[in-house]
Structure formats: C-alpha cells, structure tokens
Amino acid sequence: MTTEYGIPVTSPIQTLIDLSFLLDRRGVERSINEADKYDLVHPPELRAALEERTGEPGVARLRHILDRRTFRLTKEELERRFLPLAREAGLPTPLTGQWVNEFEVDFYWPDLGLVVETDGLRYHRTPAEQARDRLRD
C-alpha cells in the first residue's frame, strides 16, 4: 500500500491483481492495456512483479493472461476484438504495434507478409488523418 495526496491506495500492480478476481478476461486485458497506455505499469515489469508473488491469489490468472501467446497490447477496442477473429480464421498470433515501411501497423505477420489495420473513426476523423491512412494503405 502506498499513498497519493495522503490517501492510502494500492499500487497499479496490486490493483491489476485485485481486478483479475472481478473482471472477465477481456476486462483484465483492457485494464492491462490502460495501465500500459498511462505509463502506470508496463507488461514486462508487471510480469516480473508477478514472479515475486508466486502463490498469491489472482497472480496465476494474471500471469496466464500476460502469456505472450494469449495477450497482445492493443490501442483500441476494435483491435482487441480483431484478435479472436484472426485466431478463429486459423492465423498465427500476430505482432502488434510494429513498424512496417515507416508506418506503425496494428497487426503484422512477417512470415505471411501480411498487415491488417483496424481503423476506427476515433483516430481517423480529420481529412489529414484519412489521407495518411490512404498513403499507408
């Protein structure tokens, strides 16, 4: 336990462990993504911290979700929803957030030479963003 502005709070790591009891897998993945996005805790340091907490309730479930075969960082819900579709289609687990030809792409299968973009409206509203997408595509 630590304090913020004099208020006792749990650490981001402990909060994620606690959430693993309350949320379904998708909710836990979303929480891990948000913690990473806001620089509260990054998956490699979360994994290292979990190694030190062997046997603590919630740790095994959180470790399983962090497993590189089952968890990939994504920026958007649309990307999170795409992963099960790719798996059901028989595709191997893609790399995420990779740079290809000077563009960051959502999903990349280097062995297949395949890139998939999941473009939601949130980050593609302005004409400039749409033009950049067309160039990338």
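The values are calculated or read from the model by the stated rules, or taken from the named source; none is laboratory data. The structure presented is a predicted model; accordingly, all values stated were derived computationally and were not measured. Quick reminder, even Gly has a Cβ in these numbers, built from the backbone with ideal geometry, and neighbours come from all protein chains shown.
Would you mind stating whether Ile32 is in contact with a Lys or Arg (Cβ under 9 Å, 6 or more places away or on another chain) and at pLDDT 85 or above? Against the criterion (in contact with a Lys or Arg (Cβ under 9 Å, 6 or more places away or on another chain) and at pLDDT 85 or above), Ile32 does not qualify. Could you tell me which residue of region 90-108 is surrounded by the most Cβ atoms within 10 Å (Cβ to Cβ), considering only residues that are among the hydrophobic types (A, V, I, L, M, F, W, C) and within 21 Å of Pro43 (Cβ to Cβ)? If we take residues in region 90-108 being among the hydrophobic types (A, V, I, L, M, F, W, C) and within 21 Å of Pro43 (Cβ to Cβ), then Phe107 is surrounded by the most Cβ atoms within 10 Å (Cβ to Cβ). Here no helices (runs of 4 or more DSSP H) wholly within region 40-137 include at least 3 residues being aliphatic (A, V, I, L, M), modelled with pLDDT of 90 or more and not assigned by TED's automatic domain parsing to the domain that holds Thr10.
Residue pairs whose Cβ atoms lie under 7 Å apart, sitting 6 or more positions apart in sequence or on different chains, and linking a residue in region 1-18 that is assigned to a helix (DSSP H, G or I) to a partner that is exposed (fewer than 10 other Cβ atoms within 10 Å of the Cβ) and not aromatic (Phe, Trp, Tyr), do not occur here.
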